[in-house]
1. Among the residues of the range 153-173, which ones are part of a helix (DSSP H, G or I) and either among the aromatic types (Phe, Trp, Tyr) or at pLDDT 75 or above (or both)?
2. If a residue has to be modelled with pLDDT under 80 and either more than 18 Å from residue 195 (Cα to Cα) or among the hydrophobic types (A, V, I, L, M, F, W, C) (or both) to count, how many in the range 137-152 make the cut?
3. Give the range 71-108 a look and list any residue that's under 18 Å from residue 30 (Cα atoms), in contact with a strand residue (DSSP E or B) (Cβ under 9 Å, 6 or more places away or on another chain) and not hydrophobic (A, V, I, L, M, F, W, C), or say none.
4. Any idea which of (1) among the hydrophobic types (A, V, I, L, M, F, W, C); (2) without any contact (Cβ under 8 Å) to a residue 40 or more places away in the chain; (3) surrounded by fewer than 19 Cβ atoms within 10 Å (Cβ to Cβ) is the one residue 38 doesn't satisfy?
5. Report yes if some residue within the range 111-125 is in a helix (DSSP H, G or I), of a type in the set (Lys, Arg) and modelled with pLDDT of 85 or more; otherwise report no.
6. Given the options 16, 77, 23, 68, name the one that is touching a helix residue (DSSP H, G or I) at 6+ places or on another chain (Cβ under 8 Å), of a type in the set (Asp, Glu) and either farther than 20 Å from residue 160 by Cβ or free of Cβ contacts under 8 Å to residues at least 60 places away in the same chain (or both).
7. Regarding residue 100, is this residue within 17 Å of the chain's Cα centre (by Cα) and closer than 21 Å to residue 158 by Cα?
8. Looking at (1) touching a residue at least 60 places away in the same chain (Cβ under 8 Å); (2) surrounded by fewer than 16 Cβ atoms within 10 Å (Cβ to Cβ), which is the only condition residue 108 fails?
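The values are calculated or read from the model by the stated rules, or taken from the named source; none is laboratory data. Please read these numbers as outputs of a predicted model, since none were measured by experiment. Please note: Cβ atoms are built from the backbone with ideal geometry, for glycine as well, and neighbour counts cover all protein chains shown.
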Amino acid sequence: MSQIIEHIVLFKVKDDVDSVKIDAMVNGLNSLATIDQVLYLSAAPIHRLRSSSAFTHVLHSRYRSKEDLSAYIAHPDHLRVVEETMPIWEDIMSVDWIADRAPVVLKPPAGSVGKATLVKVKENVTDEAKEGIMEVVKEKSRGSDHEITVGENFSPARAKGFSIGSVAYFKDLGEVGSHEELVKEKVGGFVEDTIVVEFVVPPSS
């Protein structure tokens, strides 16, 4: 497959929401994997978060094209799940990018660990500096080299200013290293903020 579109959504569920409603949200989001245009989709609670924002859940999905992503977003099932679950959200953001290369494993197996890194660059940063940031972000996931993708966000409306996205998959939590110091050391002067989330891929229903 020549091109993959990555779609990451972060949710913050309100503090007072009971677990039944939260489980219903996660199940509803995971049910969207059956939409025709979706190559892969999983939604899960965030296992570990490194961010000043207090997000609680993550959804990662993959598509062949921007058109397929648009069709998914406009799909009646997607609109229904959004309408049903929106009342329990306190905050949401999403980042979309064209993967720099198609992952070898399109559908990471249940139990594997996803790690999404979102980067907000400072104003007036050159394209060359952005390329450097993406290289450093890629460098951080050596253990899952065949599974990392990175790219520039093409949907700014809900991205809160974050313009670079990356996602990598690992066999288990023991493989996932921290790379924030590496990013700070090498490209910290260009970066305003980062969000790093780790999550365990749930069993497919």
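1. 156, 157, 158
2. Total satisfying the criteria: 7.
3. Of everything in the range 71-108, those that are under 18 Å from residue 30 (Cα atoms), in contact with a strand residue (DSSP E or B) (Cβ under 9 Å, 6 or more places away or on another chain) and not hydrophobic (A, V, I, L, M, F, W, C) turn out to be 72, 85, 94, 107, 108.
4. (3)
5. So far as the range 111-125 goes, no, none of its residues is in a helix (DSSP H, G or I), of a type in the set (Lys, Arg) and modelled with pLDDT of 85 or more.
6. Just a single option satisfies the conditions, and that option is 77.
7. No: the conditions fail for residue 100.
8. Failing condition for residue 108: (2).
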